1. Suppose we filter region 107-121 for residues that are surrounded by 16 or more Cβ atoms within 10 Å (Cβ to Cβ) and touching a helix residue (DSSP H, G or I) at 6+ places or on another chain (Cβ under 7 Å); how many remain?
2. Could you check region 90-112 and list, in sequence order, the residues that are modelled with pLDDT of 80 or more and either part of a strand (DSSP E or B) or within 23 Å of residue 30 (Cβ to Cβ) (or both)?
3. Which of the residues spanning region 123-136 are of a type outside the set (Ser, Thr, Tyr) and either crowded, with 16+ Cβ neighbours inside 10 Å or not in a helix (DSSP H, G or I) (or both)?
4. With the condition kept exactly as written, say whether any residue in region 160-167 is exposed (fewer than 15 other Cβ atoms within 10 Å of the Cβ), outside the structural domain of residue 8 (by TED's automatic domain parsing) and at pLDDT 80 or above.
5. Against the condition among the small types (Gly, Ala, Ser), modelled with pLDDT of 80 or more, in contact with a helix residue (DSSP H, G or I) (Cβ under 7 Å, 6 or more places away or on another chain) and surrounded by fewer than 16 Cβ atoms within 10 Å (Cβ to Cβ), how does residue 20 come out, does it pass?
6. Take region 113-122 and flag every residue that is of a type in the set (A, V, I, L, M, F, W, C) and either touching a Leu at 6+ places or on another chain (Cβ under 6 Å) or not in a helix (DSSP H, G or I) (or both).
Amino acid sequence: MVDPQWINETCGSCEFCNDGDQQLCPNAKNSGYTVNGTFQQYCVCKATNAVRIPDEVSLDEAAPVTIAGAGGGLGTLACQYAKALGYRVLALSTGSSKQAMLVEEIGVDYFVDYIASQENLIPEIQELTGGGPHAAIVVASVEWPIGQAIQASSMRLTYCLVFELILYLVRPAKRNGRRCRSA
């Protein structure tokens with residue numbers, strides 16, 4: 001049994017692949033993003049981008065490893081760390097099952113369903129957090145949450161963007177004509 005990784009396939013011939021930095025390959029195909037069906041019971045991937053799961057590891061034990069990078073795994077992990085460190089957490093996601101899991105199991109303080117709201121989320125986020133959060137961790141792979149997180153934040157924003165399993169610290173130069181503090 002194997003676990004297909006985030007990088008499903010790389011070109012093997014670009015500058016990054018030749019230097020051993022396949023995660024930077026501009027032609028990479030990503031599991032569940034540009035390659036469909038990778039979170040099914042069976043899927044096809046290159047052997048170089050799969051991890052063999054030992055025979056003595058049961059499917060139940062291996063399953064959390066397989067889903068760790070998909071289906072909200074990074075966001076859930078970020079919420080758990082923030083709560084463990086004593087922060088008040090606002091989770092932005094969608095669906096009643098995710099709300100129940102995040103509020104009841106992890107203990108986030110606020111949950112905003114971005115689809116159910118169907119409006120500008122900035123005022124709601126600012127109201128719930130008393131003027132905007134002091135930190136934002138965006139694990140979405142789409143563009144709109146990035147700008148919304150910056151606009152909804154307080155002036156002392158620490159901002160972390162996690163995209164394609166690479167961590168970037170983003171330092172916005174100015175917001176509303178004023179300089180923002182960064183990590």
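1. The qualifying residues number 6.
2. Matches in region 90-112: 90, 91, 92, 110, 111, 112.
3. Of everything in region 123-136, those that are of a type outside the set (Ser, Thr, Tyr) and either crowded, with 16+ Cβ neighbours inside 10 Å or not in a helix (DSSP H, G or I) (or both) turn out to be 124, 125, 126, 128, 130, 131, 132, 133, 134, 135, 136.
4. Within region 160-167 (the criterion being exposed (fewer than 15 other Cβ atoms within 10 Å of the Cβ), outside the structural domain of residue 8 (by TED's automatic domain parsing) and at pLDDT 80 or above), the answer is no, since none of the residues qualifies.
5. Spelling it out, it is not the case that residue 20 is among the small types (Gly, Ala, Ser), modelled with pLDDT of 80 or more, in contact with a helix residue (DSSP H, G or I) (Cβ under 7 Å, 6 or more places away or on another chain) and surrounded by fewer than 16 Cβ atoms within 10 Å (Cβ to Cβ).
6. Of region 113-122, the ones of a type in the set (A, V, I, L, M, F, W, C) are 115-116, 121-122.
Once the filter is applied, which keeps residues that are of a type in the set (A, V, I, L, M, F, W, C) and either touching a Leu at 6+ places or on another chain (Cβ under 6 Å) or not in a helix (DSSP H, G or I) (or both), region 113-122 yields only 121.
The values are calculated or read from the model by the stated rules, or taken from the named source; none is laboratory data. The structure displayed is predicted, hence computed values, not measured ones. Because the Cβ atoms are built from the backbone with ideal geometry, glycine has one as well, and the counts that use them run over all protein chains shown.
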